[in-house]
1. For the chain, what's the relative contact order in percent, using C-alpha pairs closer than 8 Å and at least 6 residues apart?
2. Taking the Cα centre of the chain as origin, sum charge times position over the Cβ atoms of Lys and Arg (+1) and Asp and Glu (-1), and report the length of that vector in debye to the nearest 20.
3. Where does the chain land on Rg/Rh, using Cα atoms and the Kirkwood Rh?
4. Round to the nearest 0.05 the FRET efficiency obtained for Met1 and Ser150 when R0 = 22 Å and r is the Cβ-Cβ distance.
5. Arrange the peptides 135-143, 113-121 so that the one whose residues have, on average, the most other Cβ atoms within 10 Å appears first.
6. If you roll a 1.4 angstrom probe over the protein chains with everything in place, what fraction of the accessible area of segment 1-150 belongs to carbon and sulfur, to the nearest %?
7. Whole number in Å², please: accessible area per residue of the chain, 1.4 Å probe, ligands, DNA and RNA not counted.
8. Ratio of segment 1-76's C-alpha Rg to 2.2 N^0.38 Å, to two decimals?
Amino acid sequence: METIYFKETPCHTYGTMPAVGEEAPCFHLAGIGLQPVQCSDFKGKKVVLNIFPSLDTEVCARSVRRFNEEAASLPDTAVICVSMDLPFAMGRFCTLEGIDNVVFASAFRSPLFGQKYGVQLCDGPLAGLLARAVVVIDSDRKVAYRELVSEITTEPDYEAALSVLKGRN
């Protein structure tokens, strides 16, 4: 269990995030068209999991836009934006925002995703949603970087994640 904050209110997660160097848990999520989005789809690629509570907040939307612009242009790298939003809402957001360089994946059918990655909120105002986090997984499916953002209403450290992706860590 980890403690983070939502507008200074303490919240807790189920479990803890996997440590750097550990094998990343496999995931089975739902894509915009309800098709499976699974870890095996990205074999041999670096993967950025941009995890957040909901696209309906400006901070979450900004993180998607930022990763769409920056990390998605890196070779052999997939950016997967994960939340509990329904795939239909994700699709609408992509259309309205012109987002086409990232993969959207909903955890609405996969409660174990949030628990395996230590990002499911178990109490507080956003209980049941995912915390804000970034996980970079290398091409061998090992965790290369992780950040559980301590205040949900703030953005992650993009530069740190991008530095790991670019091999400058």
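The values are calculated or read from the model by the stated rules, or taken from the named source; none is laboratory data. Small disclaimer: the values here were computed from a predicted structure and weren't measured. Positions of Cβ are backbone-derived with ideal geometry, glycine not excepted, and every protein chain shown enters the neighbour counts. With ligands, DNA and RNA removed, areas are computed over all heavy atoms of the protein, side chains included. Shrake-Rupley method; radii C 1.70, N 1.55, O 1.52, S 1.80 Å.
1. It comes to 33 percent, rounded to a whole number.
2. Numbers: 16 positive and 21 negative charges, 74 e Å.
My answer is approximately 360 debye.
3. Working: Rg = 14.4 Å, Rh = 15.6 Å.
Rounded to two decimals, Rg over Rh is 0.92.
4. The calculated FRET efficiency here is 0.95.
5. 113-121, 135-143
6. Answer for segment 1-150 is 52 percent, counting heavy atoms of protein chains only.
7. Details: 7770 Å² over 169 residues.
Computed with neighbouring chains in place, this is 46 Å² per residue.
8. Details: Rg = 14.9 Å, N = 76, 2.2 N^0.38 = 11.4 Å.
After normalising by residue count via 2.2 N^0.38 Å, the value is 1.30.
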